[in-house]
Structure formats: structure tokens, C-alpha cells
Amino acid sequence: MREFPQAERYLRAGKWPERGYPLSKATLRNRTVGMVGMGAIGQAIARRLDAMNVPVVYHSRRPAAGVSYRHYPKLLDMARDVTVLLVITPGGAETKNLINAEVLKSLGPDGILINMARGSVVDEEALIQALKDKTILSAGLDVYLREPEVPPELTAMDHVVLFPHLGSASVHTRTQMDQLVVDNLLAWAAGKPPLTPVPETPWRPGGRT
């Protein structure tokens, strides 16, 4: 939002003595964040946005249990009502190109897209065109369609923030992820339900699949 990567590049290039960095156009003030997906990670992000008094709404296939944020059954309706789309939904065939040209157009010229999900969820060509045409204001991307390859059109743009898939890339988080795998295996070996079941995988209580 505050163009920190761009501002750092500006300073490192020695431009600050010549002219102050231009005022940032984006801010979280008076913005509503539309979450595409409201699983455990989405809810954790929403809680942090709550702490900054940023309104949150969300779109998912069905309303999330125990969540008080407004649920939008239709993604396009939510895209029209928000100025930030934060994508944190699973990848796969069901969500392929979920964020397409129509969604980006609905988000509008003040809109910002943040993709923390999978590269396949966003129509990359449509996003590049939307950024070129200023159909949307900016984008923050942690994932790409053909990682680790990033389209040169994106790297050439100054109004996007690009990360090399850093979402869970910390020692603490990866250690916790490894431990969760072990704990799930121990539960399975003891004939207990998995700690983190996958909804699409059937599980018979008291037994194994």
C-alpha cells in the first residue's frame, strides 16, 4: 500500500537528494478489503485487519462457520463493493482463473489485487493487461502461474509489488508445518480422526479411509 519496495529502490538509486519520493497514492484508510476465501489463514489475516480498523468482507463457496464478516455469494458483487481483493483460497481446477478480466474491471481503477493463494487462481494475462491499462491501481503478488518464472511484463512495472512466494517461508512456520504432519500421522496410526482433515477426503469416525 505504501510502496515500500519502490521507495527503497528509489533511495538505493541515489534519487532522494535530487527529489523527494512522490506521495503514495494508496492507503488502507477508507478502504474495504474483500477476502476471496475465509479459511484458517484468511481468518487470521482478517483479525489483523480488524486491529487496524479496516472493514472486511469475504466471498467463498459457502459462508464460513463462526465468522461475523459479511459473506458475498457472488464474487463480482464483492469486487464492485471493495477496493482491495485479497486472494487466499486453494488452487486447483475449481478456482482456476477465478480472478479474471471481468473481476478486475469490477474492482476498478482504485482497486488493488493481492494474491497469496496460488498463481492459477488469477488469470495472469488478464492481470498484466489490467495493470498496463490502469484498469486497476496496483497488485501485490506472492505467487505466479509458472513459478519460479515471473513474466517480464510484471517485473518491468513499478506499480506492482513482487515477492518470491514468501507466504509461509519462515523457520517458525515451516517447523510448525512439519510438526503438524507428524501429529496427523500419529493420530492416523492411533485410529483417530486427522487433526486437519481435507473436506474432500471422506473419513469414517473411529476408523481409517
Q. So which residues in region 77-98 are under 11 Å from residue 34 (Cα atoms) and either among the acidic types (Asp, Glu) or assigned to a helix (DSSP H, G or I) (or both)?
A. 77, 78, 79, 80, 81
Q: Tell me, please, whether a residue that is open to solvent by 80 Å² or more (accessible area, probe 1.4 Å), touching a Phe, Trp or Tyr at 6+ places or on another chain (Cβ under 8 Å), at pLDDT 95 or above and on the phi < 0 side of the Ramachandran plot can be found in region 106-123.
A: no
Q. For region 132-157, which residues satisfy the criterion of being surrounded by 11 or more Cβ atoms within 10 Å (Cβ to Cβ) and farther than 16 Å from residue 113 by Cβ?
A. 147
Q | Any pair with Cβ under 9 angstrom, 6 or more apart, that starts in region 67-82 at a residue that is in contact (Cβ under 8 Å) with a residue 24 or more places away in the chain and ends at one that is open to solvent by 100 Å² or more (accessible area, probe 1.4 Å) and in a strand (DSSP E or B) | A | 78/70
**Q.** In region 48-91, the residues that are under 15 Å from the mean Cα position of the chain (by Cα), more than 22 Å from residue 138 (Cβ to Cβ) and open to solvent by 30 Å² or more (accessible area, probe 1.4 Å)
**A.** 90, 91
Q) When you look at residue 122, is it among the β-branched types (Val, Ile, Thr), without any contact (Cβ under 8 Å) to a residue 24 or more places away in the chain and out of contact with any helix residue (DSSP H, G or I) (no Cβ under 8 Å at 6 or more places or on another chain), yes or no? A) no
Q: Give me the pairs, please: first residue somewhere in region 180-193 and open to solvent by 60 Å² or more (accessible area, probe 1.4 Å), second residue anywhere and assigned to a helix (DSSP H, G or I), beta-carbon distance under 9 Å, and either six or more positions apart or on two chains.
A: 192/186; 193/187
Q) Name the residues in region 1-18 that are touching a strand residue (DSSP E or B) at 6+ places or on another chain (Cβ under 8 Å) and among the basic types (Lys, Arg), would you? A) none
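The values are calculated or read from the model by the stated rules, or taken from the named source; none is laboratory data. These numbers come from a predicted model, not from an experiment. So basically every Cβ, Gly included, is an ideal-geometry build from the backbone, and we count neighbours across all protein chains shown. Only protein heavy atoms, including side chains, enter the accessible area calculation; ligands, DNA and RNA are left aside. Shrake-Rupley method; radii C 1.70, N 1.55, O 1.52, S 1.80 Å.
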